[in-house]
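Colleague: Before I ask anything, here is the structure I am working with.
The values are calculated or read from the model by the stated rules, or taken from the named source; none is laboratory data. Worth saying up front: this structure is predicted, and the values here are computed from it rather than measured. Please note: Cβ atoms are built from the backbone with ideal geometry, for glycine as well, and neighbour counts cover all protein chains shown.
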Amino acid sequence: MTVSVKEENWVGTKEAAEFLGVKPATIRDWIRKGKDIPRMKIGKAWKFKYSELEEWARSGRAADK
């Protein structure tokens, strides 16, 4: 079953880190340093979409800075 972007759920820092193969602390560090990792703040938590993370990593922007 294919999930459309509209139906895609937001995931937390832990899941985003696992998806990218890094530690959650690395994700938080990237955010603090202003790296353009796609995210949205919902309440007090950073949330991510796998499709946006995959596009970001494939674009090469993940290697910037």
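Colleague: On the given criteria, is Lys23 modelled with pLDDT of 90 or more, in contact with a Pro (Cβ under 8 Å, 6 or more places away or on another chain) and not aliphatic (A, V, I, L, M)?
Modeller: Details: modelled with pLDDT of 90 or more: yes; in contact with a Pro (Cβ under 8 Å, 6 or more places away or on another chain): no; not aliphatic (A, V, I, L, M): yes.
No; evaluated as a whole, the condition is false for this residue.
Colleague: Within the stretch 33-56, which residues are surrounded by fewer than 16 Cβ atoms within 10 Å (Cβ to Cβ) and either touching a residue at least 60 places away in the same chain (Cβ under 8 Å) or not charged (D, E, K, R) (or both)?
Modeller: Hits for the stretch 33-56 are Gly34, Pro38, Met40, Ile42, Gly43, Ala45, Ser51.
Colleague: For the stretch 21-56, what are the residues that are among the aliphatic types (A, V, I, L, M) and more than 21 Å from Glu7 (Cα to Cα)? So that I can check it myself, show each step before the final result.
Modeller: Our first condition is that a residue be among the aliphatic types (A, V, I, L, M); within the stretch 21-56, this holds for 22, 25, 27, 31, 37, 40, 42, 45, 53.
Within the stretch 21-56, Val22, Ala25, Ile27, Ile31 qualify.
Colleague: Are there any pairs, at least 6 apart or on different chains, whose C-beta atoms fall under 7 Å, with the first in the stretch 8-31 and touching a residue at least 12 places away in the same chain (Cβ under 8 Å) and farther than 15 Å from Glu54 by Cβ and the second of a type outside the set (S, T, N, Q) and exposed (fewer than 13 other Cβ atoms within 10 Å of the Cβ), and if so, which?
Modeller: From residues that are touching a residue at least 12 places away in the same chain (Cβ under 8 Å) and farther than 15 Å from Glu54 by Cβ, the pairs are Gly12/Ala45.
Colleague: Go through the stretch 6-65 and give me each residue that's touching a Gly at 6+ places or on another chain (Cβ under 9 Å) and of a type outside the set (D, E, K, R). Full working, then the answer.
Modeller: So the first thing to find is which residues in the stretch 6-65 are touching a Gly at 6+ places or on another chain (Cβ under 9 Å), and the list is 24, 45-48, 65.
The answer is Pro24, Ala45, Trp46, Phe48.
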